[in-house]
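The values are calculated or read from the model by the stated rules, or taken from the named source; none is laboratory data. The shown structure was predicted, so the numbers you read here are calculated from the model rather than taken from an experiment. Note that we place each Cβ from the backbone using ideal geometry, even for glycine, and neighbour counts take in every protein chain shown.
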Amino acid sequence: MPDIPIRQFDSLIIGAGGGGLRAALHLSSADASVAVVSKVFPTRSHTVAAQGGMNAALANVLPDNWHWHMFDTVKGSDYLGDQDAIEYMCRAAPRAVYELEHFGVPFSRMDNGTIYQRPFGGQSQNFGGDQAARTCAAADRTGHAILHSLYQQNIRAKTHFFDEYFAVDLLKDEQGCVLGALAFNIHNGEPVIIEAKTTLLATGGAGQLFRTTTNALINTGDGMGMALRAGVPLQDMEFFQFHPTGIAGRGMLITEGARGEGGYLVNADGERLMERYAPKAKDLASRDVVSRAIATEVREGRGCGPNKDHVMLKLDHLGEAVIQKRLPGIRQTCITFLGIDPAEAPVPVFPTAHYTMGGIPTNRQGQVVIPVKDTPEEPVPGLYAAGECACVSVHGANRLGGNSLLDILVFGRAAAGHIIDYLAENRYHRKMDSNSLESALNRMQRWDRTGNGDGESVSVLRDELKAVMENHCSVFRNEEVLSEGVNKVEQIAERFKHARIDDRSSVFNTARVEALELENLVGVALATIHSAYARQESRGAHSRIDYTERDDINWMRHSLYSLGGGVDYKPVRTKPISVDSFPPKARVY
Amino acid sequence: MSAQITEYSELKWRCRRGMLELDILLNSYLDKNYNTMSQQQGDIFSEVLDYPDQVLFDLLLGNMQSSDARVSRLVSEIQRTSCNDQDQI
């Protein structure tokens, strides 16, 4: 075995967002030795950007119960969510909120001292009745408050952090048990083998697949890429949530509030385009309709700007006073990022990628599950996943606002609970397969060799991949567009084998990190576009203009894409734990 | 590898944040100004990179003012760089 330092822990957690930190805290509090590997300082994880809040049926503002929450989540998922996992999550939600409160999260409160809850889209009372108020928030900084509280609790509980370490690949034994990972210190390039009896992937989403995204640069689907290379398929990757109005070329959101106040979209001819696509609702039509309308205008040559790659959101007719009073945040965002004051000029917008519904398939205990022979969900020993990188699947084809923070906290804790039981039965470290380590080392050291490739630079390929995914796999999907996209992504995957970086230093070699990230993104892109091409229906966030209807008979099933194996399927778990199933119905609001 | 390139790479990595807005603003500022930064400007930029993401967000998006004149000056420079930079990072 090569001469590389080895560190041993009971449990390794890769990723230090809310899911990873919640799991780490539960494990450390149970006296397990826990290592958390994070490529950035933990409190700079993407959870910090979740401003909205977290759903739980506390019934503090309006009547509510977990069963109504469950109904809304199943319906929101367009009936692709697994109903056992959804029941588990909705039942566990109140406890998750109270635990956070005890960890120090300052939830906003009502005058009577109970936690304030705000209404969000998709929430109802009485199984589709009046609006519910289910979202608990710490003002507009819920993610920040949760992340900092969990980090501080982990420091108290003596969780060991490998800050600014990059996890390269999972390590296994000859039987396929996952035994930790190879990582390296970004500061000096030194590798380390982290041996662990269990490994939890909690690396977040993959918004960096697309040119226009709300996701931070760190969201490169690292855990998903690692899982793919370890032989784990990715589930339901065709379901990616987009928001119709991101700032073009930048990605951050202009909320629906701007159109709610009277803003409207225009194309290069100055035409108010939504009048053609949604004559009644116009600019207030649902997100998918507005997103597709914008993409269609651009595809048909009516886009604005020198590259004709966006449309304009007009707000100036509202007047400066109204904009400053009702949309001050949006005004500030436009001035800061575009140098444009929306009170004076229109704002360039394009649909922006926001949330990865698919991911690494798990059961509701967080165990990663794969098909083996006739069994669709066989656990991979020692491997767990939680949060946006996982697909448990509670969001199905479409995530409801306020359910993502809930997902990471509930299933981070659930995975840790199962890990504690696993550790009790697996008390010793297993012997690692040297081939597994060698292959991970080769992957890392490829970029250290002089003339590591004779092809294109990593940054050129990354930009091309993001453009291809945006043009061929965002909100405008049909056979022709997707099929062309599949070919292009396959070609990029092939060209990546010859890619090069010019920096071969060991100290803070960010070029090497970016190359490894791109390899992860390429795998995730293959999974996403192949799964989207194969699914011949429209469901939730996956909208095909050539298959406009949901097709429950043929397509109410999860897709599974594996490297080298293509797309396969497994059934949706329609049977909840303790209540009757919600049968599929038309998803109308 | 020169100390300057190492320092740039380290600062570049510390500009990787949990929020896209910060990624864009900080990277854009660093890329455009690193070669002309004085020692003092470099030190204050490094100091500001230690701030929590939410605080940085509030400062750079104008929701909060710093009582430290050096930080306020840097915030204005970062905002100005962003306004003048129409390239995607």
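Which ones in the range A:25-58 are of a type in the set (S, T, N, Q) and more than 18 Å from A:SER108 (Cα to Cα)? Don't jump to the end; show me each part of the working.
Step one: list which residues in the range A:25-58 are of a type in the set (S, T, N, Q), which gives A:28-29, A:33, A:38, A:43, A:45, A:47, A:51, A:55.
Within the range A:25-58, A:SER28, A:SER29, A:SER33, A:SER38, A:THR43, A:SER45, A:THR47 meet the criteria.
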Checklist outcome for this item: Okay, helices (runs of 4 or more DSSP H) sitting entirely in the range A:202-280 with 3 or more residues that are away from chain B (no Cβ under 14 Å), more than 17 Å from the chain's Cα centre (by Cα) and over 22 Å from A:ALA515 (Cα atoms), I get A:257-260, A:274-277
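Looking at B:SER46, B:SER28, can you tell me which residue is under 13 Å from the mean Cα position of the chain (by Cα) and surrounded by fewer than 18 Cβ atoms within 10 Å (Cβ to Cβ)? Talk me through it step by step, then tell me what you get.
Details: B:SER28 fails: surrounded by fewer than 18 Cβ atoms within 10 Å (Cβ to Cβ).
It is B:SER46.
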Item to check | Residues (under 21 Å from the mean Cα position of the chain (by Cα) and surrounded by fewer than 20 Cβ atoms within 10 Å (Cβ to Cβ)) located in the range A:112-140 | outcome: A:GLY121, A:ASP140
Checklist entry - Across the range A:16-31, what is the number of residues that are within 12 Å of chain B (Cβ to nearest Cβ) and part of a loop (DSSP other than H, G, I, E, B)? => result 2
Checklist entry - With (1) more than 14 Å from every other protein chain (Cβ to nearest Cβ); (2) in contact with a helix residue (DSSP H, G or I) (Cβ under 8 Å, 6 or more places away or on another chain); (3) among the hydrophobic types (A, V, I, L, M, F, W, C) as the list, and A:VAL507 as the residue in question, which single condition is left unmet? => result (1)
Checklist entry - So which residues in the range A:336-354 are among the small types (Gly, Ala, Ser) and either crowded, with 21+ Cβ neighbours inside 10 Å or modelled with pLDDT under 90 (or both), if there are any at all? => result A:GLY339, A:ALA353
Checklist entry - Of (1) touching a helix residue (DSSP H, G or I) at 6+ places or on another chain (Cβ under 8 Å); (2) at pLDDT 95 or above; (3) aliphatic (A, V, I, L, M), A:ALA278 satisfies all except one. Which? => result (2)
Next on the checklist: Can you pull out every residue in the range A:32-46 that is among the polar types (S, T, N, Q) and either buried (at least 24 other Cβ atoms within 10 Å of the Cβ) or in a strand (DSSP E or B) (or both)?
Outcome noted: A:SER38, A:SER45
Checklist entry - Can you find a residue in the range A:372-381 that is of a type in the set (Ser, Thr, Tyr) and surrounded by fewer than 24 Cβ atoms within 10 Å (Cβ to Cβ)? => result yes
Checklist entry - If you check every pair at least six apart or on different chains, which have Cβ atoms under 9 Å apart with a residue in the range A:164-192 that is in the same structural domain as A:ILE13 (by TED's automatic domain parsing) and within 13 Å of A:ARG512 (Cα to Cα) first and a residue that is surrounded by fewer than 19 Cβ atoms within 10 Å (Cβ to Cβ) and basic (Lys, Arg) second? => result A:VAL168/A:ARG443
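Inside the range B:58-73, can you point out the residues that are away from chain A (no Cβ under 14 Å) and either among the small types (Gly, Ala, Ser) or surrounded by 21 or more Cβ atoms within 10 Å (Cβ to Cβ) (or both)?
Residues of the range B:58-73 away from chain A (no Cβ under 14 Å): B:66-73.
Those that are away from chain A (no Cβ under 14 Å) and either among the small types (Gly, Ala, Ser) or surrounded by 21 or more Cβ atoms within 10 Å (Cβ to Cβ) (or both): B:SER66, B:SER67, B:ALA69, B:SER72.
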Checklist entry - Can you name the number of the only condition in (1) surrounded by 20 or more Cβ atoms within 10 Å (Cβ to Cβ); (2) within 13 Å of chain A (Cβ to nearest Cβ); (3) aliphatic (A, V, I, L, M) that B:VAL55 fails? => result (1)
Checklist entry - Within the bounds of the range A:294-310, is there any residue that is assigned to a helix (DSSP H, G or I) and within 14 Å of chain B (Cβ to nearest Cβ)? => result no
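Okay, residues lined up against (1) under 22 Å from A:HIS148 (Cβ atoms); (2) at pLDDT below 95; (3) among the β-branched types (Val, Ile, Thr):
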{"residue": "B:THR36", "(1), (2), (3)": "no, yes, yes"}
{"residue": "B:LEU56", "(1), (2), (3)": "yes, no, no"}
{"residue": "B:GLY62", "(1), (2), (3)": "no, yes, no"}
{"residue": "B:VAL71", "(1), (2), (3)": "yes, no, yes"}
{"residue": "B:LEU74", "(1), (2), (3)": "no, no, no"}
{"residue": "B:ASN84", "(1), (2), (3)": "no, yes, no"}
Checklist entry - Looking at the range A:472-492, is at least one residue surrounded by 17 or more Cβ atoms within 10 Å (Cβ to Cβ), within 14 Å of chain B (Cβ to nearest Cβ) and in contact with a Lys or Arg (Cβ under 9 Å, 6 or more places away or on another chain)? => result no
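Going by what's in this entry, would A:ILE545 be described as within 19 Å of the chain's Cα centre (by Cα) and in contact (Cβ under 8 Å) with a residue 24 or more places away in the chain? First the steps, then the outcome.
Values: within 19 Å of the chain's Cα centre (by Cα): no; in contact (Cβ under 8 Å) with a residue 24 or more places away in the chain: yes.
So A:ILE545 fails the test.
Kindly evaluate A:SER505 against the criterion of being in contact (Cβ under 8 Å) with a residue 24 or more places away in the chain, assigned to a loop (DSSP other than H, G, I, E, B) and within 26 Å of A:ILE218 (Cβ to Cβ). Working first, answer last.
Details: in contact (Cβ under 8 Å) with a residue 24 or more places away in the chain: yes; assigned to a loop (DSSP other than H, G, I, E, B): yes; within 26 Å of A:ILE218 (Cβ to Cβ): yes.
Spelling it out, A:SER505 is indeed in contact (Cβ under 8 Å) with a residue 24 or more places away in the chain, assigned to a loop (DSSP other than H, G, I, E, B) and within 26 Å of A:ILE218 (Cβ to Cβ).
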Checklist entry - Among the residues of the range A:144-160 satisfying the criterion of being more than 10 Å from every other protein chain (Cβ to nearest Cβ) and among the hydrophobic types (A, V, I, L, M, F, W, C), which is surrounded by the most Cβ atoms within 10 Å (Cβ to Cβ)? => result A:LEU150
Item to check | Residue within the range A:540-547 that is among the hydrophobic types (A, V, I, L, M, F, W, C), away from chain B (no Cβ under 14 Å), within 27 Å of A:GLY204 (Cα to Cα) and crowded, with 21+ Cβ neighbours inside 10 Å present | outcome: yes
Item to check | In the range A:510-537, the residues that are in contact with a Ser or Thr (Cβ under 7 Å, 6 or more places away or on another chain) and modelled with pLDDT under 95 | outcome: A:THR510
Checklist outcome for this item: Taking the range A:99-111 and keeping residues of a type outside the set (D, E, K, R) and loosely packed, with under 14 Cβ neighbours inside 10 Å leaves A:HIS102, A:GLY104, A:PRO106, A:MET110
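Looking only at the range B:1-30, count how many residues are assigned to a helix (DSSP H, G or I) and either at pLDDT 95 or above or within 30 Å of A:THR142 (Cβ to Cβ) (or both). Walk me through it before giving the result.
Just the residues of the range B:1-30 that are assigned to a helix (DSSP H, G or I), to begin with: B:3-14, B:20-30.
Within this subset, residues satisfying the condition of being either at pLDDT 95 or above or within 30 Å of A:THR142 (Cβ to Cβ) (or both) are B:11-14, B:20-30.
Of the residues in the range B:1-30, 15 are assigned to a helix (DSSP H, G or I) and either at pLDDT 95 or above or within 30 Å of A:THR142 (Cβ to Cβ) (or both).
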Checklist entry - Of the residues that sit in the range A:318-335 and are in a helix (DSSP H, G or I) and more than 14 Å from chain B (Cβ to nearest Cβ), which one is surrounded by the most Cβ atoms within 10 Å (Cβ to Cβ)? => result A:ILE323
